Structures are given as C-alpha cells and as structure tokens.
Amino acid sequence: MKTYLKLNNDVLNRYSTTGLLELEKDREATRRYFLEYVNVRLRYFIDIEEKIRYLVDEGYYEKDFIDMYEMDFIKMLYKKAYDYNFRFPSFMSASKFYDSYAMKSRDGEEILEKYEDRIVIIALYLAQGNTVLAKSSVEAMMEAYQPATPTALNSGKKARGELVSCFKLSMDDSMNSIAENIGYCLELSRLGGGVGVNLTDLRPLGDPIKEILNRASGVIPVAKLLENSFSYSNQLGQRNGSGVVYLNIFHADIENFISSKKPNADDKIRLATLSTGIIIPSIFFDLMKRDKDIVLFSPYDIFKVYGKRMSEISISEMYYELLDNPKIRKIKRLNARRLYTEVKKAQFESGYPFEIFDDNVNEVHPLKNIGRVKMSNLCTEILQVQETSVITDQDQPNEYGLDVSCNLGSIDIHAASKVNDFETLIDTAMHLLTNVSQMTYIKNVPSVAKANRLMHSVGLGCMNLHGHLVTEGIMYGSKDSIDFMDRFMEAMNYYSLKSSMEMAKEKAETFYRFEDSDYASGSYFDQYVNKNEEELSSAVLKALGNIPIITNKMWELLKEDVMEYGLFHSYRLAIAPTGSISYIRSCTASISPCTERVEVRDYADSRTIYPMPHLTNENSHLYVEAYDVDPYDLIDLYAASQKHVDQGISLTLYVTDNWTTEQLAKVYIYAWVKGIKSVYYVRQRLQSLEECVACQI
C-alpha cells in the first residue's frame, strides 16, 4: 500500500479502536501524496505563457477562448488565483481533484494542471472575453462558488464532453414519440448525461390500439427499452448511462411499476438498473386519510375525451369529474393505504421509487400560467415546465415542445458567510451559469435545445450546511439551524432574482412568456413584502456572518424592478445532492446531515477516508449522523429552505432496519404537509444503493 494511503487509512483505524481523531495523519497523508504522486508527475513550465502556449499547441486547450484575452491579463489572473495560497484541507479533496479533474497528458503519465490552473481556465472559458467577469469568477471560485462537475471538468478542454449532464424528456403516447425519445436517451447518455423520462402519458397494459381491445403492452416494456439504452450507451465504456422513469400514481400500470425495483420482482417487470419515481397528487393523500379506494385511469381515455394528456391535467382538481364521466373507464380500484404500504415496502427493499408531490410543486409554481411541472430529474431537484413534442411521420415536420437540461452549481455556505460581498458572489455565479446555458447546444435533442434557448433556466444550489453549523456550535435540525437556512436561502433567492432582473434589463430580453408569470404580476413577491420580520438569536446572526438579512423594503423595491424590467431566467435555484465537488472543496454534501463522521469511500482497489470538514475531538458531538437525526427535524429544515427555492431540493430520508412501513409513511405524509416537493432516496443503514452519477455535482 502507498504510504499516503496507509496514513489516510490510519485515521479510520485509530478512530475505530480509540474513538479519537488523529487528523495529523490525514494532513501527513496529503503531504506525502503531493511528494510521492503529484509533484513527481507534474509537468513544469518556465512561465504561464509557455504553459498556455504548450497546452494550446498540443491540443489540450481550445484556442479560441484564449485568444479573447491579452496574455498580460491571463498572467494577472493566474497570479490572482495563486495569491490565495490555496491548500487542500484533506487527502480526499486533493486525491479527488488530481484523480478526476486535473488535466493530464494523453497517456495519463503527466499532470498538466494544478487546482488554481483549472479555476483560471474555467473562468476564462466561461467569461468568453469579459475580463470583469473572468476576474470576479476567479474570486468567486477560489472563495465560495463551485461549478457542477461537467462544467468544472470540461471547460476549456479541446477534447471535452458537455458542460451539463442532466436532462428531462416527455414521452408521448405514440410509437413515433417512443422511438424518438429512446434515440434522445442514447444521445444524451453518450454525452454523459443522466436522463429523466415521463411515462405517464403512455397507455397502460391491455388498453386498445386502433380501437382493438387488449393490445397495448403498457409502460414496463418501454421502461425496459430505456434501461437497455442506458446500458448500451455507456460513455466510452467508463460507466453505464443513468436514467429514471416517472409515472403518476393514478396510472393503471402503477402496481407493476412500484414492484419493478423489488429484488424478487418477476423478470418480466424487473428493472435492474433504471431508477423509478412516482408522481403523487394531493387527492391521493386525502383519500388515504379517509381510508378510501383510489381509481386508476388510462391516459388514452383522458386524451380522447378531454384533448389533454394525463400529465397536463391536475388529477386533484379533476378526480371526481373523471369518476363521474361515463366515457372515462375506471380500470381498477385499489385501497389507497394498502397501495402506499406497497410503495413503502418497495422503498425499504430498494430505496425506490422516488416521490414527487404534484400539487406541492404546481400550486407554488411561479410559471403555473405557462404550463405544468410534470416530473423531475434523476436526483429530484429539477422541477421545470415541460411541453410534450408531437413526433410525426418522416414526411411531416415535428412539433417540438419544451424539455429540460439541468445547469447546476453550488455555493459553499461556510465560505459564503465569510466573503466580503455576498451579492457579488451570487451575481457572479448567476452569470457563469447563464453562460454555461448559452454555450450549451444539444443539437440532436431539439426539444432540449429549444427550451434552453427560450427559458434560460439555471440551478444555483448550496452545500456544506452541516459543516458550517458545526463550526458555529449549532446542532443540525435545531431551531437555530432552521432559522439560519431560512435567512440564508432567502438571501440567495433575493440576490439571484436581482441578478436575473439586471441581466434582463441589460440584454433587453426576458425568458419565454415572462409576462404570464407570477413574477410579472408581482404576486410572487407578496409572501416577502408582507412577511413578519422576526428577531433572530445571536447564534443565528453570528452564523450568517456577512450574509445580509433581506428586509420587506428590499423586497418591495425588487418587486417594482422585476415588474418593470422582467427576469432573464425562468428558473434560478435548485439544490442538488453534491458529491465530487463537495470532496474537492472539503464540504459536507448539499444541505443534508453527514452519514458518517469519518466517511469511508472505496475506489477501485483502494480505500479513502474522509473526516468531515472542521471535525475535531471537541466538536464531534455536533456531527450527529443522518441516521440519528430526527427525520421530522430534517424535514422542517428542508421545508424552511424549500419555500425560497423556485425548483426543488434533493431530499434523502435516512432510516434504520427497525423502522416499519407505517413509520416511513408518516414521515412522507409529514413532508407532504410541510410543502416538501420531492423525496429522493430512502437510505437504510448498511444498505448499499445505486448512486446518481449525473447530479452529484
């Protein structure tokens, strides 16, 4: 075993036997890693100009973006980055960067970039010649902002993948649409993307085709085709593609769909690698509360009678009308409580299905007058309006709707509390995400390209909540932690809106149909203009640090500006389940509690130990592990954050093996009552689940 690996592993060995941390071993592991691995492979250059010229001439960097700047400016930017005197705080952060992100020679033997080099190249590439933005971008990324993995990894490289890696597609009830969407999935998977596909509008098993009864095969065979597509299109054999399919719980195929992820499912319906999610309207919980049956419907009937797809209507609003309409078949009746128990059993066994609370999403959706949010993505935080494409025969033009590409980045909460100018940090992040959106063109998926062009949507999130709370002496899930996130996310919301308004003003352009949104009418802002300004504890004020407290008056002025100038972005905020980027920046993931104080990660033939950020023997009691956090407190914290997020938050629930299905159901119902929009995995202690590789940004 390499010396640095042994030193790093000793942290766990000593912690397991004594209960005490010896973090000096991890620091020594990091030093040895640089001596034995990084420094001996690092290619050295006389100066920055030689470095840039070599990497351009040898085809490692694109030339066009370098030519947008004077060499003196580039040199200044490198000096600015190096003046931060950045040091990796842990062995995990250093090894993750140099293993996965740093540019290497084509044979993998030489390291061509240090951390600061990658930051500067990202800034130069995304700023596209704007020297002011390039400078503020280096500052933001060195201090508190981290682009998503595809952006951080691919920016500036000549041989690169896409800058985004997560997508949502709507499938229509036609063979043309099924075939076309499978092709899209192959293409997006090839590009390294994780893909969500909505199957709600497909007719169920046994439905008529051309008025002939019992001919339709249902959604499961289509799901299997998608599963095989993701396995086939596997990013140069490095890893399988990843996807999720969603289905409304009132769809007639829901029973097989729920069972498809169970380990003992029949091979005819078993989905081994494809993730599943269900869309649950509020009427379902109302029927369950009253111990009533639910009636399952066919989208085929709904479209034939109403001219609308099942995904385009509110089941909660139309449920009793559908029951009363003799032209709508009542395909099956199921007891709501028993069906939900089956959902909980499946989640205990496999972690699936994910759940989207349909009305919690759409009732507060600022674009509700433009269209419905029908589904989510692979990690359940992207919730955007979609319009289904009509795919015609080859001799006719297609009518492309709106699908979704997820453009993500995250703010380090702990670092953000210490920056001198929080507003500039958020504004810079918004500009970088905007440029990623405008530089992304998925030409082989026209519905995604169209929406990206019209909607300008981005997803700014955050991470390192638990780490920050520990440094401030605040217990995760406490009232102070909830109050802190309430104000932090309000500030993110405010400044992201202000940035979007300024961009709309500068560009004289708003997102598609802005005038029909709650932003344009001003109604979105009423919750803030009329809010009660409650007093915060000294602990919360200290934890906020340099993050401004947003007042009613500030909101009132912003409301006037937005109504006058508009917004450039249809969507701004989404909190993803950060993975690799959390390790690089030595952060706790997303806004979730840590799963282990001293985390163990196995990669290939080696094991890496990751002590939580800022962990010491003195504060370890504040690092309550996720399985020991009261789930109701966790939901309260997420709910306080969610009310400021226009999209969603990837929420994982943590349970132990002594939980019952009834306990789990109660927690989900509580989440629904509190306005949570989606629930990602159910993680059971000691249970290993497939990871979402697309959105762990």
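Considering only residues that are in a loop (DSSP other than H, G, I, E, B), without any contact (Cβ under 8 Å) to a residue 60 or more places away in the chain and on the phi < 0 side of the Ramachandran plot, which ones fall in the range 286-303?
Of everything in the range 286-303, those that are in a loop (DSSP other than H, G, I, E, B), without any contact (Cβ under 8 Å) to a residue 60 or more places away in the chain and on the phi < 0 side of the Ramachandran plot turn out to be Arg290, Lys292.
Quick one: what pairs do we get from the range 504-519, first residue assigned by TED's automatic domain parsing to the domain that holds Asn369 and closer than 11 Å to Met455 by Cα, second in a loop (DSSP other than H, G, I, E, B) and of a type in the set (A, V, I, L, M), C-beta under 9 Å, 6+ apart or different chains?
If the second residue must be in a loop (DSSP other than H, G, I, E, B) and of a type in the set (A, V, I, L, M), no pairs are left.
Would you check which residues across the range 364-383 are in contact with an Asp or Glu (Cβ under 9 Å, 6 or more places away or on another chain) and not basic (Lys, Arg) and list them?
Residues satisfying the conditions are Val364, His365, Pro366, Leu367, Asn369, Ile370, Gly371, Val373, Thr380, Leu383.
Among the numbered criteria (1) touching a residue at least 40 places away in the same chain (Cβ under 8 Å); (2) under 24 Å from the mean Cα position of the chain (by Cα), which single criterion is violated by Glu363?
(1)
Looking only at residues in the range 425-449 that are surrounded by 24 or more Cβ atoms within 10 Å (Cβ to Cβ) and of a type in the set (Ser, Thr, Tyr), which one is nearest to Ser499 (Cα to Cα)?
Thr428
Conditions first: (1) under 17 Å from Ser650 (Cβ atoms); (2) in a helix (DSSP H, G or I); (3) out of contact with any strand residue (DSSP E or B) (no Cβ under 7 Å at 6 or more places or on another chain). Gln438 passes all but one, so which condition is the exception?
Condition not satisfied by Gln438: (1).
With the requirement that a residue be farther than 20 Å from Ile74 by Cβ, among the aliphatic types (A, V, I, L, M) and more than 16 Å from the chain's Cα centre (by Cα), what does the range 134-168 give you?
Correct list: Ala144, Leu153, Ala159.
Taking interchain pairs and intrachain pairs at least six residues apart, which have beta carbon atoms under 6 angstrom, with the first residue in the range 77-97 and farther than 22 Å from Cys587 by Cβ and the second of a type outside the set (D, E, K, R)?
Within 6 Å, the pairs are Leu77/Val120; Leu77/Val138; Tyr78/Ile48; Tyr78/Val120; Lys80/Val138.
Just give me the residues in the range 528-563 being farther than 18 Å from Ser496 by Cβ and either assigned to a helix (DSSP H, G or I) or in contact (Cβ under 8 Å) with a residue 60 or more places away in the chain (or both), in sequence order.
Passing the criteria: Ser538, Ala539, Val540, Leu541, Lys542, Ala543, Gly545, Asn552, Lys553.
Would you confirm whether or not the range 558-569 contains a residue that is more than 30 Å from Lys507 (Cα to Cα) and more than 22 Å from the chain's Cα centre (by Cα)?
The answer is no; no qualifying residue exists.
Residues that are surrounded by 12 or more Cβ atoms within 10 Å (Cβ to Cβ), under 34 Å from the mean Cα position of the chain (by Cα), hydroxyl-bearing (Ser, Thr, Tyr) and modelled with pLDDT under 95: does the range 12-26 have at least one?
Yes, there is a match, as at least one residue in the range 12-26 is surrounded by 12 or more Cβ atoms within 10 Å (Cβ to Cβ), under 34 Å from the mean Cα position of the chain (by Cα), hydroxyl-bearing (Ser, Thr, Tyr) and modelled with pLDDT under 95.
Return a yes/no flag: does the range 577-588 have any residue that is surrounded by fewer than 20 Cβ atoms within 10 Å (Cβ to Cβ) and modelled with pLDDT of 95 or more.
no
Considering each residue of the range 628-664, count those that are of a type in the set (S, T, N, Q) and more than 21 Å from Thr578 (Cα to Cα), and give that number.
Result for the range 628-664: 5.
Considering each residue of the range 498-527, count those that are among the hydroxyl-bearing types (Ser, Thr, Tyr), assigned to a helix (DSSP H, G or I) and closer than 24 Å to Gly371 by Cα, and give that number.
5
Kindly establish whether Ser389 is crowded, with 22+ Cβ neighbours inside 10 Å and closer than 19 Å to Ile178 by Cβ.
yes
Does the range 470-485 include one or more residues that are part of a loop (DSSP other than H, G, I, E, B) and farther than 30 Å from Asn546 by Cα?
no
Looking only at the range 611-624, count every residue that is surrounded by fewer than 16 Cβ atoms within 10 Å (Cβ to Cβ), touching a residue at least 12 places away in the same chain (Cβ under 8 Å) and not β-branched (Val, Ile, Thr) and tell me the total.
Number satisfying all stated conditions: 2.
Can you tell me which residue is farthest from the chain's Cα centre (by Cα) among those in the range 348-358 that are surrounded by 21 or more Cβ atoms within 10 Å (Cβ to Cβ) and charged (D, E, K, R)?
Asp358
Please report, ordered by residue number, the helices (runs of 4 or more DSSP H) entirely within the range 327-416 with at least 3 residues that are more than 25 Å from Val164 (Cα to Cα).
Per the criteria, 336-350, 358-362.
Please state which one of Lys327, Lys345 is surrounded by fewer than 19 Cβ atoms within 10 Å (Cβ to Cβ) and under 28 Å from Asp172 (Cβ atoms).
Going through Lys327, Lys345 in turn, the sole match is Lys327.
Could you tell me whether Asn407 is closer than 26 Å to Leu274 by Cβ and either of a type in the set (D, E, K, R) or modelled with pLDDT under 95 (or both)?
The answer is yes for Asn407.
Check whether at least one residue in the range 567-574 is out of contact with any Asp or Glu (no Cβ under 6 Å at 6 or more places or on another chain) and either exposed (fewer than 15 other Cβ atoms within 10 Å of the Cβ) or at pLDDT below 95 (or both), and report yes or no.
no
Answer yes if at least one residue in the range 209-220 is in contact (Cβ under 8 Å) with a residue 12 or more places away in the chain, in a helix (DSSP H, G or I), hydrophobic (A, V, I, L, M, F, W, C) and surrounded by 16 or more Cβ atoms within 10 Å (Cβ to Cβ), and no otherwise.
Checked the range 209-220: at least one residue is in contact (Cβ under 8 Å) with a residue 12 or more places away in the chain, in a helix (DSSP H, G or I), hydrophobic (A, V, I, L, M, F, W, C) and surrounded by 16 or more Cβ atoms within 10 Å (Cβ to Cβ).
Can you tell me which residue within the range 27-46, out of those that are part of a helix (DSSP H, G or I) and basic (Lys, Arg), is surrounded by the fewest Cβ atoms within 10 Å (Cβ to Cβ)?
Checked the range 27-46; the qualifying residue surrounded by the fewest Cβ atoms within 10 Å (Cβ to Cβ) is Arg31.
Could you list, in sequence order, all residues of the range 158-197 that are small (Gly, Ala, Ser), surrounded by 21 or more Cβ atoms within 10 Å (Cβ to Cβ) and either on the phi < 0 side of the Ramachandran plot or in a helix (DSSP H, G or I) (or both)?
Correct list: Ser165, Ser170, Ser177, Ser189, Gly193, Gly194, Gly196.
The values are calculated or read from the model by the stated rules, or taken from the named source; none is laboratory data. These figures come from a predicted structure and were not determined experimentally. Every residue, glycine among them, receives a Cβ derived from its backbone with ideal geometry; neighbour counts consider all protein chains shown.
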